[in-house]
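Participant: Starting off with a structure, shown below.
The values are calculated or read from the model by the stated rules, or taken from the named source; none is laboratory data. For clarity, every value in this text was computed on a predicted model and none was experimentally measured. FYI the Cβ positions are ideal-geometry reconstructions off the backbone, even for glycines, and counts take in every protein chain you see.
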Amino acid sequence: MSASVSLDEFWSLSEYVARHPGEQERSERFATRVATPPAPPGPAGGSVRIALVYPVLQTSSSWRRTRSTIRQRLERLGVDVEIKAYLSHPGTELRTQAEQIAAAVETDPDYLVFTVESFRHRQVIERLISRKRPKVILDGLTTPVRTWGETQPFLYVGFNDARSSRLLVRNFLSNRPGPERYAIFYAGQNAMHRTQGELIRLALAGESEKVLAARYYVGSDRNRARRAAIDLLSRDSEIGFIFSTSSEIALGVDDAIAELGLTERVSTNGWGATPEELERLRKGRLDATLMPMSDETGIAIAEAIALDLAGRAEDVPRVFAAHSVLLDRTATRKQIAALKRRAFRYSR
């Protein structure tokens, strides 16, 4: 990477909660709604039009599951819903995504759900949140942007990146306690993926025996991750671990490790618990992977919209952070099956 990435432009989730009285209590009440069976928040559900601009064409099925979960949860809350989806490849079609956002806004939806892929998109968000229609929901980001002050999107929703990164680092330090050189492969330039990689780096900054040898930006591209890993491991024979920040990267890095015959010495982690990741975890080719409780994000979006339609927007927290569970090589098929039932309440 040509330049370091600062987290100063974002509030951490804990910092944002501390600066906003009532947010903690509001978040806890909202989390209870997400975790329990649907209960309509008002006498009439109404109807709603939602536009989704998502980079979904990738190995992970999380984005597709979110779309399905939003629809099902709203219907069970008594809300008639119309969802128009605009899909693209993650990280590689920024112009296409910007055009899709413009097209979505032209249809005048009530809510616009999308992710931050670049600062160009950040400027689009700023314009939308200033005009207040459609209401903006950012999926994949749980660290509010400082410079937006009190003029924030309707909802940030995603996974707790700080907690997920700590789980991976804790597992890494427990299983590989000795001196070691490692690298971090970043999945993209958007805030979500930069934050994931930087949180890992910061968590390991005080570990004197762990040396950060390289940082690579490889996009959400399995083959690019494979080529980058081959290049890195061919140049630096002391690398013992590569942190992956997406499912595609994990599979590409593991492909490279196997191709170079280094499976006994070098490893990586998964990020998403896709079927292929779980298979490699069972074979001992991944140290661990994170299984997101995927449907929580879609349920949270639906619950926030239902509360808003019922005139209860004050009950919607600014940020909802879903959970991820770490699975290591000791995970059994029974344990994985139980977690899948919990993760995919609607989108099985």
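Participant: Which count do you get for residues in region 239-250 that are buried (at least 23 other Cβ atoms within 10 Å of the Cβ) and of a type outside the set (S, T, N, Q)?
Facilitator: Going through region 239-250 one residue at a time, the tally reaches 5.
Participant: Please list, ordered by first then second residue, the pairs with beta carbon atoms under 7 Å, 6 or more apart or interchain, first in region 328-348 and modelled with pLDDT under 90, second assigned to a loop (DSSP other than H, G, I, E, B).
Facilitator: Arg342/Met293; Ala343/Met293; Ala343/Ser294; Phe344/Ser294; Ser347/Ser294
Participant: Check Phe185 against each of (1) within 22 Å of Val316 (Cβ to Cβ); (2) modelled with pLDDT of 85 or more; (3) touching a Ser or Thr at 6+ places or on another chain (Cβ under 7 Å) and name the one condition it does not meet.
Facilitator: Status for Phe185: all satisfied but (1).
Participant: A follow-up question, please. So, of the residues in region 304-335 that are under 30 Å from Glu279 (Cα atoms) and within 20 Å of the chain's Cα centre (by Cα), which turns out to be surrounded by the fewest Cβ atoms within 10 Å (Cβ to Cβ)? So that I can check it myself, show each step before the final result.
Facilitator: First pass over region 304-335, keeping only residues under 30 Å from Glu279 (Cα atoms): 321-335.
So of that shortlist, the ones also within 20 Å of the chain's Cα centre (by Cα) come out as 321-328.
Values: Ala321: 23, Ala322: 21, His323: 17, Ser324: 24, Val325: 18, Leu326: 19, Leu327: 23, Asp328: 15.
Filtering first and then ranking leaves Asp328.
Each row is one residue, and each column tells you yes or no for (1) at pLDDT below 75; (2) out of contact with any helix residue (DSSP H, G or I) (no Cβ under 8 Å at 6 or more places or on another chain).
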residue: Leu94; (1), (2): yes, no
residue: Ala98; (1), (2): no, no
residue: Phe119; (1), (2): yes, yes
residue: Arg131; (1), (2): no, yes
residue: Pro134; (1), (2): no, no
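Participant: Here is a further query. Could you tell me whether region 239-249 includes any residue that is assigned by TED's automatic domain parsing to the domain that holds Gly272, closer than 30 Å to Ala302 by Cα and among the small types (Gly, Ala, Ser)?
Facilitator: Yes, because at least one residue in region 239-249 is assigned by TED's automatic domain parsing to the domain that holds Gly272, closer than 30 Å to Ala302 by Cα and among the small types (Gly, Ala, Ser).
Participant: Shifting gears a bit: Can Ile70 be described as outside the structural domain of Gly188 (by TED's automatic domain parsing), part of a strand (DSSP E or B), at negative phi and modelled with pLDDT of 90 or more?
Facilitator: So Ile70 does not fit the description; no.
Participant: Ok, one more. In a loop (DSSP other than H, G, I, E, B) and of a type in the set (Asp, Glu) - does that describe any residue in region 267-290?
Facilitator: Going residue by residue through region 267-290, those that are in a loop (DSSP other than H, G, I, E, B) are 269-274, 283-287.
If we keep only those that are of a type in the set (Asp, Glu) as well, we get 287.
Looking for residues that are in a loop (DSSP other than H, G, I, E, B) and of a type in the set (Asp, Glu), one finds at least one in region 267-290, hence yes.
Participant: Looking at region 182-190, can you tell me whether even one residue there is in a strand (DSSP E or B), under 21 Å from Asp255 (Cα atoms) and touching a Gly at 6+ places or on another chain (Cβ under 6 Å)?
Facilitator: Looking through region 182-190, at least one residue is in a strand (DSSP E or B), under 21 Å from Asp255 (Cα atoms) and touching a Gly at 6+ places or on another chain (Cβ under 6 Å).
Participant: Looking only at region 28-46, filter to residues that are over 14 Å from Ile299 (Cα atoms) and small (Gly, Ala, Ser); which one of those is farthest from the chain's Cα centre (by Cα)?
Facilitator: Looking at residues that are over 14 Å from Ile299 (Cα atoms) and small (Gly, Ala, Ser), I get Ala44.
Participant: Within region 239-266, track down each residue that is touching a strand residue (DSSP E or B) at 6+ places or on another chain (Cβ under 8 Å), in contact (Cβ under 8 Å) with a residue 60 or more places away in the chain and in a loop (DSSP other than H, G, I, E, B).
Facilitator: Thr245
Participant: Next up: For region 273-290, name all the residues that are surrounded by fewer than 24 Cβ atoms within 10 Å (Cβ to Cβ) and not hydrophobic (A, V, I, L, M, F, W, C).
Facilitator: Of everything in region 273-290, those that are surrounded by fewer than 24 Cβ atoms within 10 Å (Cβ to Cβ) and not hydrophobic (A, V, I, L, M, F, W, C) turn out to be Thr274, Pro275, Glu276, Glu279, Arg280, Arg282, Lys283, Gly284, Arg285, Asp287.
Participant: A further question on this structure: Go through region 286-300 residue by residue and tally those that are closer than 19 Å to Leu77 by Cα and either in contact with a strand residue (DSSP E or B) (Cβ under 6 Å, 6 or more places away or on another chain) or not hydrophobic (A, V, I, L, M, F, W, C) (or both). Please lay out each step first, then the result.
Facilitator: Within region 286-300, the subset closer than 19 Å to Leu77 by Cα is 295-300.
If we keep only those that are either in contact with a strand residue (DSSP E or B) (Cβ under 6 Å, 6 or more places away or on another chain) or not hydrophobic (A, V, I, L, M, F, W, C) (or both) too, we end up with 295-298, 300.
Of the residues in region 286-300, 5 are closer than 19 Å to Leu77 by Cα and either in contact with a strand residue (DSSP E or B) (Cβ under 6 Å, 6 or more places away or on another chain) or not hydrophobic (A, V, I, L, M, F, W, C) (or both).
Participant: Additional query: Out of the residues in region 188-204 meeting the condition of being among the aliphatic types (A, V, I, L, M) and touching a strand residue (DSSP E or B) at 6+ places or on another chain (Cβ under 8 Å), tell me which one is modelled with the lowest pLDDT.
Facilitator: Within region 188-204, the match that is modelled with the lowest pLDDT is Ala191.
Participant: It is to be established whether one or more residues within region 135-144 are in contact with a strand residue (DSSP E or B) (Cβ under 7 Å, 6 or more places away or on another chain), farther than 21 Å from Ile70 by Cα and in the same structural domain as Ala302 (by TED's automatic domain parsing). It would help to see each step written out before you state the result.
Facilitator: Looking only at region 135-144, we keep the residues that are in contact with a strand residue (DSSP E or B) (Cβ under 7 Å, 6 or more places away or on another chain), and these are 135-144.
Next, from what is left, pick out any that are farther than 21 Å from Ile70 by Cα: 143-144.
Filter once more, so that each one left must be in the same structural domain as Ala302 (by TED's automatic domain parsing): 143-144.
Yes: one or more hits.
Participant: I would also like to ask the following. Report the residue count in region 197-215 for those that are over 15 Å from Asn269 (Cβ atoms) and either outside any helix (DSSP H, G or I) or not assigned by TED's automatic domain parsing to the domain that holds Trp271 (or both).
Facilitator: Matching residues across region 197-215 total 10.
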